[in-house]
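The values are calculated or read from the model by the stated rules, or taken from the named source; none is laboratory data. These numbers were taken from a predicted model, which means no experiment stands behind them. Ideal geometry is used to build each Cβ from the backbone, glycine not excepted, and the neighbour counts take in all protein chains shown.
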Amino acid sequence: MDLLKARRGPRPSWLLLLALPLLLTACNQVGGQSLTFWDVIWGMVFFFFWFMAIWIFINIFADIFRRDDLTGASKVIWLIALIFLPFLGALIYLLMRPKVTAQDVSLMAKAEAGQKAVAQVSTADELTKLSQLKDAGVITEAQYEDLKAKLLA
């Protein structure tokens with residue numbers, strides 16, 4: 001185990017800093033007559049950042065429409081801000097949005113209520129219900145013993 005750690009050594013993050021000027025100088029012919037490997041790489045990087053920006057805007061629009069704590073007028077103001085000042089509006093929205101919204105609080109309250117309801121049911125209560133079902137003839141003796149074994153396990 002120690003030999004594997006010794007062979008790996010530290011991760012050379014400084015290599016990225018050394019490779020960055022090489023990557024930038026390799027793209028000095030962007031827009032020329034020929035398409036190079038680095039033109040393709042930088043095109044993919046450019047496409048990735050545009051795709052991420054569009055995805056952020058879609059998520060912000062969806063979040064604005066989904067939120068119940070915003071009034072209609074404030075939703076319209078946010079949408080206008082995002083349309084006319086896209087990057088600045090998105091940045092301001094992400095900074096101004098509360099970490100926990102009213103919907104999040106209601107979902108957490110429902111989850112806690114469900115957990116409390118589950119915690120209130122005891123094994124003794126379940127055994128009592130099983131015996132009542134057996135006495136009423138709803139389940140057979142074999143089913144009763146099987147369910148009882150599952151409860152006590």
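Conditions (1) exposed (fewer than 12 other Cβ atoms within 10 Å of the Cβ); (2) in contact (Cβ under 8 Å) with a residue 24 or more places away in the chain; (3) not aromatic (Phe, Trp, Tyr), marked per residue:
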residue: ALA90; (1), (2), (3): no, yes, yes
residue: MET108; (1), (2), (3): yes, no, yes
residue: GLU112; (1), (2), (3): yes, no, yes
residue: GLN115; (1), (2), (3): yes, no, yes
residue: LEU127; (1), (2), (3): no, yes, yes
residue: GLN132; (1), (2), (3): yes, no, yes
residue: ASP135; (1), (2), (3): yes, no, yes
residue: GLU141; (1), (2), (3): yes, no, yes
residue: TYR144; (1), (2), (3): no, no, no
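Go through the stretch 31-63 and give me each residue that's among the small types (Gly, Ala, Ser) and surrounded by 10 or more Cβ atoms within 10 Å (Cβ to Cβ). Selection gives GLY43, ALA53, ALA62. Considering only residues in the stretch 25-56 that are hydrophobic (A, V, I, L, M, F, W, C) and in a loop (DSSP other than H, G, I, E, B), the one that is modelled with the lowest pLDDT turns out to be VAL30.
For the stretch 112-128, indicate whether the set of residues that are among the basic types (Lys, Arg) and within 30 Å of SER74 (Cα to Cα) is non-empty. Among the residues of the stretch 112-128, not one is among the basic types (Lys, Arg) and within 30 Å of SER74 (Cα to Cα), which makes the answer no.
For ASP69, indicate whether it is surrounded by 10 or more Cβ atoms within 10 Å (Cβ to Cβ) and in contact (Cβ under 8 Å) with a residue 24 or more places away in the chain.
Considered against the rule, which asks whether it is surrounded by 10 or more Cβ atoms within 10 Å (Cβ to Cβ) and in contact (Cβ under 8 Å) with a residue 24 or more places away in the chain, ASP69 comes out as yes.
Among the residues examined, LYS75 does not qualify as among the charged types (D, E, K, R), within 28 Å of the chain's Cα centre (by Cα) and either modelled with pLDDT under 80 or farther than 30 Å from MET52 by Cα (or both).
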